[in-house]
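The values are calculated or read from the model by the stated rules, or taken from the named source; none is laboratory data. Here the structure is a predicted model, which is why all the values come from computation and not from measurement. We place every Cβ from the backbone using ideal geometry, glycine too, and count neighbours over all the protein chains shown. We work out accessible area using only protein heavy atoms, side chains counted, and drop any ligands, DNA or RNA first. Shrake-Rupley method; radii C 1.70, N 1.55, O 1.52, S 1.80 Å.
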Amino acid sequence: MIVPLVLSFDLDDTLWPVSPVIAAAERQLLSWLRERHPEIVSGHDLESLRALRDGVAQRFPERSHDLTF
């Protein structure tokens, strides 16, 4: 018997509050970058990295959903 698997993302707080999870992921990413690639995040904090990401999304709205872009 084949059991279908589904991976679902709830990004609008329908099932659970997503903001604390995203904030924790951002903190972990910044910590990881500081440890392994400090030159990339030199002079940055969470707010400046969010502003940078938002600026890229505004400049390329057709790719704003693609965080790996």
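Can you give the FRET efficiency to the nearest 0.05 for residue 30 and residue 62, using r as the Cβ-Cβ distance and R₀ = 30 Å?
According to the calculation, E is roughly 0.65.
Leaving ligands, DNA and RNA out of it, report the carbon-plus-sulfur percent of the accessible area of the chain at a 1.4 Å probe.
61
What accessible area per residue, rounded to a whole number of Å², is obtained for the chain using a probe radius of 1.4 Å?
Averaged over the residues of the chain, the accessible area is 89 Å².
Could you give the spread of the C-alpha atoms of the chain along their three principal axes, from largest to smallest, in whole angstroms?
52, 29, 24
For the chain, what is the charge dipole size about the Cα centre, in debye to the nearest 20, if Lys and Arg each add +1 at the Cβ and Asp and Glu each add -1 at the Cβ? Mind dumping the intermediate values first?
Numbers: 7 positive and 11 negative charges, 42 e Å.
For this selection, approximately 200 debye.
Across segment 26-37, in residue order, what do the Karplus-derived ³J(HN,Hα) couplings come to in whole Hz, using 6.51 cos²θ - 1.76 cosθ + 1.60 with θ = phi - 60° and x for Gly and Pro?
5, 5, 4, 4, 4, 4, 4, 5, 4, 6, 9, 9
Quick check on the chain: helices-only [θ] at 222 nm, where DSSP H runs of length 4 and up contribute -39,500 (n - 2.57) each and the sum goes over total residues. Nearest 500, please.
Estimated from H runs of four or more residues: -16000 deg cm²/dmol.
Compute the angle between helix 46-59 and the longest alpha-carbon principal axis of the chain, please, reported from 0 to 90 degrees and rounded to the nearest 10.
Around 70 degrees separate the two axes.
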